[in-house]
1. What pairs from LYS385/LYS439; LYS332/LYS408; LYS344/LYS423; LYS332/LYS423 go past 20 Å between their alpha carbons?
2. Tell me which residues come under 5 Å, amide H to amide H, from ALA204 once H is placed; ignore anything under 5 positions away on its chain.
3. Under 5 Å between amide hydrogens, which residues at least 5 positions from PHE226 or on another chain qualify, with H placed 1.01 Å from N in the peptide plane?
4. Tell me, TRP57, TRP347 in order of fewest to most beta-carbon neighbours within 10 Å?
5. What order do you get for SER244, SER469, SER331 when you list them from fewest to most C-beta neighbours inside 10 Å?
6. Can you sort VAL64, VAL180, VAL242, VAL207 so the residue with the fewest Cβ neighbours within 10 Å comes first?
7. Hey, can you grab everything whose amide H is under 5 Å from the amide H of PHE472? Only 5+ residues off in sequence or another chain; H modelled, so Pro and N-termini drop out.
8. Decide, for segment 159-311, between rounded, prolate and oblate: order the square roots of the alpha carbon gyration tensor eigenvalues as a ≥ b ≥ c, take rounded if a/c falls under 1.5, and otherwise choose prolate if a/b is larger than b/c, else oblate.
Amino acid sequence: MAKLKKQLSYISVPSQIINSLSSSSLQSLLVSPKKPSKSSFSRKFFSFNSYKNTRFWFLTLFLVGLFGMLKLGFNLDPPIPFSPYPCFTTSPQDSFASNEKSHASFASNEQQNGQKGEILKGFNESQALVSKGFEDSEESEFWKQPDGMGYRPCLHFSREYRKYSDAIVKDRRKYLLVVVSGGMNQQRNQIVDAVVIARILGAALVVPILQVNVIWGDESEFSDIFDLEHFKSVLANDVRIVSSLPSTHIMTRPVEEKRTPLHVSPQWIRARYLRRLNREGVLLLRGLDSRLSKDLPSDLQKLRCKVAFHALRFAPPILQLGNKLAERMRSKGPYLSLHLRMEKDVWVRTGCLPGPEYDEMISNERKQRPELLTARSNMTYHERKLAGLCPLNAVEVTRLLKALGAPKIARIYWAGGEPLGGKEALLPLITEFPHLYNKEDLALPGELEPFANKASLMAAIDYIVSENSDIFMPSHGGNMGHAIQVKSLLLLGYYQCS
């Protein structure tokens, strides 16, 4: 057997280090030094010459720095991130105070009002399951709310904005009339832009006229849906709101603009309308949907937020019932709000198909009423589907909820109109998530009668219940989904109106 050669190991050392070492240092690396005694080491280290040694000072600085870091580490509070926003607070839970109060006060109210027998039974069965479900970490994680880190929305207007406010609200020469169309949430967005346009023009805003919806035939007026007096008082320092034209302008023929381009700027609005408005005194605008730019100066963006989330409060009867239904959902714990867009008109407008059973009926309706089609006509159904432009049906919503980790015992409020195919269209969803309710399920006998056949008022009730939910999920993009998303970000502090 051949004799094994002795293996040698090599360590590569950069030439810069070799050059920095003296010959004596290299010799000391090659020759093992004798182990010094304890007394000789102490004499050498603490001798007078050691104070001239750079290694001594490096070691001293290292020990002092280490001691200081340890001391600071035990005394400092948890770090708070620097905020680029002027309205930063250190109380991240403040924004949820109002919801917690309403949730806590509902227990006695629930006993007074009572519930439908069937709904109460379902709620009682789910209560034990919910408490049990919270013991499971995965289920509790599903309901976990993000931390706003103490950021709060702010609506502090600039000095220049406030400077011109007094003259604008006192102006009695210029008035803006607007006619808004679409569903409740679409009308809401147009009302917001109408206030901003009135501010841009320095005009008073006449209470917006709600056009009768061609699909639902809803003839509700502004004051039927929104709290008019609250609307006026909140905006008193921004834009003057009047209920009707004064007698001095009642016979004036308004300057009418029917086709305002999309996403126009404040400069465009002034250049287009201001001279004629100063001359005639009254301007009439129709169809404001997406006409005003989304990229506005800071003060006008703040005004948008102020109108949408402070001034446009629902009328007291709607607000009262909506909060009652939200409290009934909340009484047994957290709940998810699901905005289903499965109505017949939605399938017709989007150019999508609900399923084999109703595809032919929707296609025929679309041919008979092509004016209802709001989607791109140059795209096929399959192209729209792949692009994510079609509403999810019940099967697809169920798959999505399961993929997101929603527990089977999750209590779900579904908002929206009657789905095409009735309750049977919801069977795939009900099978997987049996605790599924809507406003008809939660309302006591007679509570919904004042709002019957008024789609805008029903949509407002859905909005309130959805806004108060722990999780909101739309099955299709739309104005309601966008509004609740922004409102949630405002409450959590992730979005600043600036």
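1. Beyond 20 Å between Cα atoms: LYS385/LYS439; LYS332/LYS423.
2. LYS174, TYR175, LEU176
3. ALA315
4. Fewest to most other Cβ atoms nearby, the residues stand as TRP57, TRP347.
5. If I rank by nearby Cβ atoms, fewest first, I get SER244, SER331, SER469.
6. The order, fewest Cβ neighbours first, is VAL64, VAL242, VAL207, VAL180.
7. Sorted by chain and number, the residues that satisfy this are SER337.
8. Rounded, because the longest to shortest axis ratio a/c is under 1.5.
All of the numbers you see were taken from the coordinates with simple rules; none came from a lab. Because the structure is a prediction, the values reported are computed rather than measured. Heads up, the Cβs are rebuilt from the backbone with ideal geometry, glycines too, and the neighbour counts pull from every protein chain shown.
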